[in-house]
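Working notes, beginning with the structure itself.
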Amino acid sequence: MSPVAEIRWVAQRELSRSFRSAKGIVLLVLSLLGGTAVTMLLVWIQKLKRENLADFSPEAIHAAREKAMSAAFNDPATGKALADVPEVLLAVFFITVWLTPMLISLLGFDSVAGDLQHKSVRYWALRTRRFSYIIGKWFGILATVSLITLSMHVLIWILCVARGEAPFATALGWGLRLWAITLPISAVWCAIATFVSSIFRAPILALLVTFAAFFTLWLVWVIGMRAEADWLLYFYPNYYDALLIHHQPSRWAGGLAACLAMVGVYVGASSLLFTKRDV
């Protein structure tokens, strides 16, 4: 069997296991309920904002949004593009980026550690290359998380259209684009979760260390922001959301390259350690 076939096999089994488990189903339901609640809250806030800005023309409001976005991203082209994005979709995008690590930690902490604990990893070790097993596990977690976030986003698009926040074409077009931008960042968090899970045999230890690792990366980002040490910011995957949403190709390409490099480092380290491990 080729490595690609092995990776696909492991990923499919991981994806199926996630959605057949009570944990996966509960997290999917909670994501949908949370997304609905957040969207309704944002729609209500938008309604209040429109009432308060009733004296201003749509052109003036759009110009103010464009100016604010241009200042935030330090690029007029990006400001002009994002000024046309429904504010609800843009808010949900940033919420997704910042809350997805929690979802990943709960879904991925036992991906490898669970197999090590129950010795089922020996089944895979005889049938797949070890690096294929690790990559398949990482890809399976990423596919699971992506489907959950996509389901949540689709529901939000429907609510936005139904509540008159955006036309169908706008909600679908920008919604798909914003969801796609979250994928490279989610890929990094999944790689970190896979790396931590491959170290421990006890899933509970993997869960605690995954939480600790995610918190440490966030703390490093905070320290970098406070100390104005830009090099510290690069270690935090969510730092790249502003680059990935940027209108300039060089900026979003740089953000994508950074995310892929981080995935390579964590998945490569996981594969190397797991290859040398006695299972």
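Numbers below:
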read-out	value
Test: residue in region 266-275 that is without any contact (Cβ under 8 Å) to a residue 60 or more places away in the chain, under 17 Å from the mean Cα position of the chain (by Cα) and in a helix (DSSP H, G or I)	no
Residue match in region 69-90 (condition: closer than 27 Å to Ala213 by Cα, outside any loop (DSSP other than H, G, I, E, B) and of a type in the set (Val, Ile, Thr))	no
Candidates Leu208, Leu219 - the one that is in a helix (DSSP H, G or I), out of contact with any helix residue (DSSP H, G or I) (no Cβ under 9 Å at 6 or more places or on another chain) and within 16 Å of Leu107 (Cα to Cα)	Leu208
Any helices (runs of 4 or more DSSP H) falling wholly within region 92-197 and containing at least 3 residues that are within 17 Å of the chain's Cα centre (by Cα)	130-162, 168-197
Those residues of region 1-40 which are surrounded by 13 or more Cβ atoms within 10 Å (Cβ to Cβ) and not in a helix (DSSP H, G or I), in sequence order	Ser21
Scope region 143-165; condition more than 14 Å from Leu15 (Cα to Cα) and either without any contact (Cβ under 8 Å) to a residue 24 or more places away in the chain or among the small types (Gly, Ala, Ser) (or both); matching residues	Ser151, Val154, Ile158, Val161, Ala162, Gly164
Among the residues listed as Arg130, Arg177, Arg122, the single one being at pLDDT 90 or above and charged (D, E, K, R)	Arg177
Which numbered condition Asn52 fails, given (1) in contact with a Gly (Cβ under 7 Å, 6 or more places away or on another chain); (2) modelled with pLDDT under 80	(1)
Subset of region 76-100 (residues that are open to solvent by less than 10 Å² (accessible area, probe 1.4 Å), in contact (Cβ under 8 Å) with a residue 60 or more places away in the chain and farther than 17 Å from Gly175 by Cβ)	Thr78
Residues (in contact with a Ser or Thr (Cβ under 6 Å, 6 or more places away or on another chain) and open to solvent by 20 Å² or more (accessible area, probe 1.4 Å)) located in region 101-121	Phe109
Filter pass, Ser250 being in contact with a helix residue (DSSP H, G or I) (Cβ under 7 Å, 6 or more places away or on another chain), open to solvent by less than 90 Å² (accessible area, probe 1.4 Å) and in a helix (DSSP H, G or I)	no
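The values are calculated or read from the model by the stated rules, or taken from the named source; none is laboratory data. Keep in mind that what you see is a predicted model, and the values were worked out from it rather than measured. All Cβ positions, glycine included, derive from the backbone under ideal geometry; neighbour counts span all protein chains shown. We work out accessible area using only protein heavy atoms, side chains counted, and drop any ligands, DNA or RNA first. Shrake-Rupley method; radii C 1.70, N 1.55, O 1.52, S 1.80 Å.
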